[in-house]
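Enquirer: I have a structure I would like to understand better, so I am pasting it below and will then ask my questions one at a time.
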Amino acid sequence: MSLTDQVRAAAREIAESPRYVRIDAERLAALDPDAPPELDAEHHYLEGSAEEVAHFLLALHQDLAGSDGGPGERGRLLELVGLADAAGTKVAAMSKGMQQRLGIAQALVGSPRLLMLDEPTSALDPVGRRVVRDLLRDLRDRGIAVVLSSHLLSEVELVCDRVAILVGGQIVARGTPAELARPRGVEVDTAEGMREFPDAGREDVPRIVADLVASGEQVYGVRLLASTLEDAYLEAVGAA
């Protein structure tokens, strides 16, 4: 069961418990006097706009996190996740990716020092993925640690400083993306076609090119070959 499924199961258990406490309109008004009064616990928030939901959900998260950021923080978070222009859009009309970015805004309430995200780009289009990637880099630059769980290994390679591969709850490989990738030789584009030198490394490139030119070959390009993070994952899973 994924982290998201575990959270959803826990949420259902809480909602069905007789000890479940509903947040009513009076409580919400205490959290945020500017919140629309119709957005109480019985309101289906997906029918509200992003701005209304920010009042409702983000105000609640601010209270839980002890944040005194108020409306200013909520506005900054919507802008940070690229939803400032969608503030008037009903959440039900948003794409799943936009809803997911709204969820990331909730997680950022109170400027946490540690942020745990499960598949944050899985439902996003290329533009949305870039927004989230830039956001994660920005958080890193601010000194916020981000623990990212994802099977989109190409995304992991782009944003993560360190990677841990888990199999059955156990870490079977760890390191930087560059450390987990393995060199696979050198590929040279010549007039006669592509030529590969599987045992060569970066330091061998000048000699290889010089030898080819000396033998009359025309060289158009050289590329260092390396395994991807996906290759490292498949190797680690297979070894486990």
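Enquirer: Restricting attention to the range 158-192, report how many residues are more than 30 Å from Glu217 (Cβ to Cβ) and buried (at least 17 other Cβ atoms within 10 Å of the Cβ).
Expert: 7
Enquirer: Tell me, please, whether a residue that is under 11 Å from the mean Cα position of the chain (by Cα) and closer than 15 Å to Leu229 by Cβ can be found in the range 160-180.
Expert: Yes, that holds for at least one residue.
Enquirer: Still on this structure: Take the range 32-83 and flag every residue that is open to solvent by less than 30 Å² (accessible area, probe 1.4 Å), at pLDDT below 80 and either within 20 Å of Gly128 (Cβ to Cβ) or touching a strand residue (DSSP E or B) at 6+ places or on another chain (Cβ under 6 Å) (or both).
Expert: Within the range 32-83, Ser49, Ala50, Val53, Ala54, Leu57, Leu58 meet the criteria.
Enquirer: Against the definition (farther than 30 Å from Leu180 by Cβ, open to solvent by less than 40 Å² (accessible area, probe 1.4 Å), in contact with a strand residue (DSSP E or B) (Cβ under 9 Å, 6 or more places away or on another chain) and touching a residue at least 24 places away in the same chain (Cβ under 8 Å)), how does Ala86 come out, yes or no?
Expert: Yes, satisfied.
Enquirer: Would you check if there is a residue in the range 125-147 being under 13 Å from the mean Cα position of the chain (by Cα) and among the small types (Gly, Ala, Ser)?
Expert: Yes, there is a match, as at least one residue in the range 125-147 is under 13 Å from the mean Cα position of the chain (by Cα) and among the small types (Gly, Ala, Ser).
Enquirer: Sticking with this one: Report the residue count in the range 142-161 for those that are of a type outside the set (Lys, Arg) and closer than 25 Å to Gly110 by Cα.
Expert: Total satisfying the criteria: 11.
Enquirer: For the range 193-225, which positions are open to solvent by 50 Å² or more (accessible area, probe 1.4 Å), under 16 Å from Pro183 (Cα atoms) and of a type in the set (A, V, I, L, M)?
Expert: Val222, Leu224
Enquirer: Here is a follow-up. Among the residues of the range 147-157, which ones are open to solvent by 50 Å² or more (accessible area, probe 1.4 Å) and either in contact with a strand residue (DSSP E or B) (Cβ under 6 Å, 6 or more places away or on another chain) or in contact (Cβ under 8 Å) with a residue 40 or more places away in the chain (or both)?
Expert: Residues satisfying the conditions are Val147, Ser149, Ser154, Glu157.
Enquirer: Filtering the range 175-200 down to residues that are out of contact with any strand residue (DSSP E or B) (no Cβ under 6 Å at 6 or more places or on another chain) and small (Gly, Ala, Ser), which residue is farthest from Val163 (Cα to Cα)?
Expert: Checked the range 175-200; the qualifying residue farthest from Val163 (Cα to Cα) is Ala191.
Enquirer: Would you check if there is a residue in the range 177-197 being of a type in the set (Gly, Ala, Ser), under 30 Å from Leu80 (Cα atoms) and out of contact with any Cys (no Cβ under 9 Å at 6 or more places or on another chain)?
Expert: Yes, the conditions are met somewhere in the range 177-197.
Enquirer: While we're on this one: Just to check your reading of the model, which residue among Leu58, Leu64, Leu77, Leu83 is under 19 Å from Met116 (Cβ atoms) and either under 19 Å from the mean Cα position of the chain (by Cα) or not aliphatic (A, V, I, L, M) (or both)?
Expert: Leu77
Enquirer: Something else about it: Please go through the range 109-136 and pick out each residue that is in contact with a His (Cβ under 9 Å, 6 or more places away or on another chain) and open to solvent by less than 20 Å² (accessible area, probe 1.4 Å).
Expert: Across the range 109-136, the qualifying residue is only Val109.
The values are calculated or read from the model by the stated rules, or taken from the named source; none is laboratory data. Quick caveat: nothing in here was measured; it's all calculated off a predicted structure. Because the Cβ atoms are built from the backbone with ideal geometry, glycine has one as well, and the counts that use them run over all protein chains shown. Calculation scope for accessible area: heavy atoms of the full protein, side chains included, ligands and nucleic acids excluded. Shrake-Rupley method; radii C 1.70, N 1.55, O 1.52, S 1.80 Å.
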